[in-house]
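The values are calculated or read from the model by the stated rules, or taken from the named source; none is laboratory data. These numbers come from a predicted model, not from an experiment. So basically every Cβ, Gly included, is an ideal-geometry build from the backbone, and we count neighbours across all protein chains shown. Heavy atoms of the whole protein, side chains included, go into the accessibility calculation; ligands, DNA and RNA do not. Shrake-Rupley method; radii C 1.70, N 1.55, O 1.52, S 1.80 Å.
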Amino acid sequence: MILTDDQRQIADMAKSFLAEEGTIAKQLRHWRDIGCKDGFGHDLWKQMAELGLTGLAVPEAEGGLGLGATEAALVMEEVGRNLTPSPFLTTALVAVEAMKGTEQGKHWFPGIVAGETVAAIAVDEGPHHRPRQIALRAERSGNGFALSGTKQFVVHGASADVILVAARTSGSAGESDGLTLFAVPREAAGMTVENVALTDSSKAARLTFDKVAVDADAVIGEVDGGWEPLRRAMRLGRTGAAAEMVGAAGGAMTMTVDYLRQRKQFGKLIGEFQVLQHRAAHLFGEIEIARAATLKAAELLDKGDDKAGIMSHVAKAKAGRVATLAVQEGVQMHGGIGMTDEHDIGFYMKRAKVLDSLFGDSSYHARMVQVMGA
Amino acid sequence: MTDLESFRAETRSWLEANCPAEMRTPMRSEDDACWGGRNFQFQSEAQEQWLRVMGEKGWTVPDWPAAYGGGGLSPAETKVLREEMKAIGARNPLSSFGISMLGPALLKYGTEEQKTRFLPEIARGEIRWCQGYSEPGAGSDLAGLQTRCEDKGDHWLVNGQKVWTSYADKADWIFCLVRTSTESKHGGISFLLFDMESEGVSTKPILLISGYSPFCETFFDDVKVPKDQIVGEVNKGWDVAKYLLGHEREMISGMGLGSGSSRTLAASLGEIDDPVLAAEVALFDVDAIAFAAMSEHFIDQLKAGEAHPAMPSMMKYAGTELNKKRHELIMAAGGSDALEWDSERSRGGKAPREWLRTKANSIEGGTSEVQLGIVAKHILRLPGA
């Protein structure tokens with residue numbers, strides 16, 4: 001695909017803004033070093049709102065830019081390149097997509113557009129992404145529901161104003177029917193939030209629900225019909241995560257290639273060694289391919305094409321493997337300095353590891369490609 | 001209706017009316033391809049008719065100017081045509097080095113006379129071309145070639161040997177790199193066209209590990225060539241050659257992929273009872289589908305003039321390595337069935353022969369290592385490369 005002028009404009013805007021304000025020194029390293037409980041800066045989230053980015057996917061009628069998956073992917077790529085910590089993926093993409101066209105959306109979108117609201121999504125219940133296996137129960141109680149069970153790897157869960165919780169209202173683990181998506185406000189009684197720092201210094205929560213009471217109007221869409229909004233949100237989420245990994249892979253490669261051009265060993269620039277040149281060239285190609293797959297998934301999502309589903313799995317699996325390759329090559333080619341906390345290359349390695357797991361790792365998505373392609 | 005939508009509707013109905021039913025079935029093997037040329041034996045009337053009607057419309061080369069036998073279509077219209085052909089499973093009407101390699105070079109470097117003389121017959125599949133680049137001792141290090149081309153006043157005189165000349169024994173004409181000066185390695189090369197029926201040209205097929213002989217050794221012994229058959233300037237053929245190589249790499253990068261089928265490898269192999277192999281195939285499909293997206297993106301970039309000139313090297317490298325992997329997996333999935341060389345049930349050893357054929361992919365058109373070197377130098381700008 002060839003980007004339109006408007007898409008290029010969004011990408012350029014995100015690129016220059018994040019290269020200025022979203023850098024590792026100003027954001028990731030800074031928040032980590034001061035031990036910030038959110039792992040990201042609310043000021044930056046507010047600045048992103050001023051640029052319209054927080055409402056990128058919110059319909060124009062509700063105050064957003066009404067843009068699609070392609071624009072989202074272009075912004076995510078720049079987020080990834082700078083390792084900029086923010087709730088953009090969980091809030092502006094995943095939560096907005098899930099709540100689009102619902103009463104819950106009308107309620108939460110203004111805060112998101114203003115950069116005042118942070119949203120999280122709670123899907124995983126074990127160490128691996130298995131959305132059909134959801135067992136957290138929501139039982140009818142009074143004029144609402146009572147939620148009981150646990151969730152983990154809820155990114156930004158402890159910072160969120162609202163958590164989208166995928167729960168089982170009927171059926172049994174393994175079925176996609178019988179799931180319901182709830183918008184649970186942070187102050188809900190009976191919800192215990194354990195804030196966990198992950199390997200990459202981002203924060204995710206472990207949530208325990210002990211008969212957490214929510215009103216009937218907390219339901220997003222239909223009772224027992226949660227799979228549809230969840231499926232849509234996950235498709236956009238994994239495409240966004242793939243784009244972030246493409247950006248991170250590109251950032252790691254740029255840092256590494258720059259290093260190959262200036263580091264001397266054995267009286268030569270190490271970039272003169274053919275073995276390193278070939279590995280760097282191979283990596284370049286893999287990143288281009290992962291990027292094309294990711295933009296293809298986004299394009300198909302924007303077109304409403306049936307193939308968007310399988311392509312989003314391809315994108316996440318490919319980008320996960322490519323980002324892994326990029327950071328491994330990056331740290332290795334940096335040699336000893338790459339093992340130090342002082343150097344930034346290690347941040348890429350940690351972030352790529354977390355992103356690969358988020359919304360399902362490469363193995364999971366390759367398996368989905370196999371199932372859907374058969 | 002926009003112009004493009006009405007073009008799509010017209011194209012659809014024209015294809016419906018003109019594409020023979022037999023040409024809407026998947027090719028069973030490389031033997032089903034239509035190569036055209038003076039001596040080509042059409043496999044069926046349908047194959048001949050399909051080439052003729054597409055050639056008349058200029059749709060064998062839809063994006064070439066109509067004045068040179070092309071369709072004169074815009075990039076967007078060309079894409080629509082390809083989509084509509086794919087939608088009915090229409091076969092490619094013509095496989096041709098004239099289209100994929102020589103044509104683009106002539107369009108860029110040929111004289112007006114050369115364009116009007118050669119391009120229309122390429123478009124209609126009347127002349128089959130082969131490429132004389134490699135020589136013994138000058139494969140990927142192409143500029144080391146030795147074939148001599150002397151100026152004899154009213155003609156050129158060519159002496160030397162080429163190797164790996166694909167289908168030279170079936171070709172009508174050759175586009176060829178020759179040495180017109182020994183003063184500099186890259187600077188003394190010229191790009192020459194001549195008829196394979198010229199006196200002094202002989203070919204000898206090379207038997208390969210696959211048992212096939214798609215390549216030949218080609219010998220030139222005092223071959224006389226008219227003066228107006230050099231493309232570009234004398235001693236500056238290297239520019240033409242490099243431009244053409246970009247197109248060759250683009251073509252090779254797509255070999256074995258797409259090919260009209262959108263099935264995943266997992267789907268085409270059917271049930272695989274070995275979980276380790278099944279996982280390998282699943283991961284391969286991720287790579288293959290992602291690469292197909294890249295191919296599409298790359299073609300769009302080329303048409304929009306936005307592709308980096310070294311990108312064909314990246315595509316050639318990635319595509320051919322992937323194709324080798326595909327055939328390793330097909331062999332693994334086939335088990336001992338895939339080892340049969342000439343039995344009927346193995347269709348004459350289709351699987352092992354194709355597997356062996358793919359091994360040439362990462363050698364022909366510049367080895368994988370050469371491509372990686374080009375990417376390192378021209379895209380990554382690494383030192384000393």
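Numerical summary
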item: Efficiency of FRET from Cβ geometry, A:GLU228 and B:GLU22, R₀ 45 Å, rounded to 0.05; result: 0.55
item: Cβ-based net charge around A:ALA281, under 15 Å, with every Lys or Arg adding one and every Asp or Glu removing one; result: 0
item: Stretchable slack from A:LEU51 to A:GLN265, in nm (0.36 nm times residue separation minus alpha-carbon distance); result: 72.5 nm
item: Probe 1.4 Å, protein heavy atoms only - accessible area per residue of segment A:121-224 in square angstrom; result: 43
item: Choice from B:GLY89, B:GLY36, B:GLY103 showing the highest fluctuation, given a GNM over chain B with Cα pairs closer than 10 Å; result: B:GLY89
item: Percentage relative contact order, segment B:1-126, counting C-alpha pairs under 8 Å, at least six apart; result: 32
item: Inter-label distance for A:ASP306 and A:ASP5, nm, one decimal - labels placed 7 Å from Cα along Cα-to-Cβ; result: 3.7
item: Accessible area per residue in Å² at 1.4 Å probe, computed on segment A:228-373; result: 37
item: Rounded to 5, percent antiparallel among DSSP beta bridges of chain A; result: 85
item: Net +/- balance of residues flanking A:ASP5 in space, Cβ distance below 14 Å, scoring K and R +1, D and E -1; result: -3
item: Relative contact order of chain B, defined on C-alpha pairs under 8 angstrom at six or more residues apart (%); result: 12
item: 10 Å Cβ neighbours from other chains, averaged over peptide B:277-287; result: 6
item: At 0.890 mPa s and 25 °C, Stokes diffusion of segment A:72-178 via Kirkwood alpha-carbon radius, µm² per second; result: 161
item: Within a Gaussian network of chain B (alpha carbon springs, distance under 10 Å), most fluctuating of B:ARG148, B:ARG28, B:ARG357; result: B:ARG28
item: Estimated [θ] at 222 nm from DSSP helical runs (n ≥ 4, -39500 (n - 2.57)) normalised by residues in chain B, nearest 500; result: -13000 deg cm²/dmol
item: Within segment A:299-374, GluC sites (Glu not before Pro) in DSSP loop having at most 15 other beta-carbon neighbours inside 10 Å; result: A:GLU342
item: Partner chain coverage, peptide A:270-281 - average Cβ within 10 angstrom; result: 6
item: Heavy-atom accessible area per residue - segment A:5-117, 1.4 Å, Å²; result: 39
item: CD proxy at 222 nm, helix term only [per DSSP H run n ≥ 4: -39500 (n - 2.57); per residue of chain A; nearest 500]; result: -16000 deg cm²/dmol
item: Area projected by the alpha carbon convex hull of segment A:5-117, averaged over all directions, nm²; result: 6.6
item: Interface area, B with A, accessible, probe 1.4 Å, both sides summed, Å² nearest 100; result: 2900
item: Net charge of Cβ neighbours under 11 Å - reference B:ILE206; Lys, Arg +1; Asp, Glu -1; result: -1
item: Distance (nanometres) between label positions extended 7 Å along Cα→Cβ at B:ASP222 and B:SER343; result: 5.5
item: Accessible surface of chain A [probe 1.4 Å, protein heavy atoms]: carbon and sulfur percent; result: 50
item: Listed residue (B:PHE40, B:TYR109, B:MET54) projecting farthest to the positive dipole end of segment B:1-132, Cβ model; result: B:TYR109
item: Minimum 50 Å² accessible area buried by the other protein chains, segment B:348-380 residues, probe 1.4 Å, relative to alone; result: B:LEU372, B:LEU380
item: Length gained when the stretch B:ARG148-B:SER74 is fully extended (0.36 nm per residue, less Cα-Cα span); result: 22.5 nm
item: Eligible lysines near B:LYS359 by straight Cα distance, threshold 22 Å, same-chain separation 8 or greater; result: B:LYS162, B:LYS204, B:LYS316, B:LYS324, B:LYS325, B:LYS350
item: Set of aspartates and glutamates near A:LYS46 by C-alpha distance (under 16 Å), chain-local residues within fewer than 8 positions excluded; result: A:GLU20, A:GLU21, A:ASP38, A:GLU116, A:ASP161
item: 1.4 Å probe, heavy atoms, protein only - residues of segment A:290-313 losing at least 40 Å² accessible area vs chain alone; result: A:ALA292, A:LYS296
item: Carbon + sulfur, % of accessible area of chain B - ligands and nucleic acids excluded, 1.4 Å; result: 51
item: Selected from B:ILE122, B:ILE272, B:ILE299 as most flexible by GNM, with chain B as the system and alpha-carbon contacts under 10 Å; result: B:ILE272
item: B:GLU199-B:ARG38 FRET efficiency (beta carbon distance; Förster radius 25 Å; 0.05 resolution); result: 0.90
item: Computed FRET value (nearest 0.05) for A:ALA135 with B:ARG263, which takes r as the C-beta separation and R₀ as 41 Å; result: 0.70
item: Lysines with Cα under 23 Å of A:LYS307, excluding same-chain neighbours fewer than 8 positions away; result: A:LYS100, A:LYS296, A:LYS316, A:LYS318, B:LYS79, B:LYS86
item: Size-normalised alpha-carbon gyration radius of the protein assembly as shown, reference 2.2 N^0.38 Å; result: 1.07
item: When the convex hull of its Cα atoms is projected in every direction, mean area for segment A:228-373 (nm²); result: 9.1
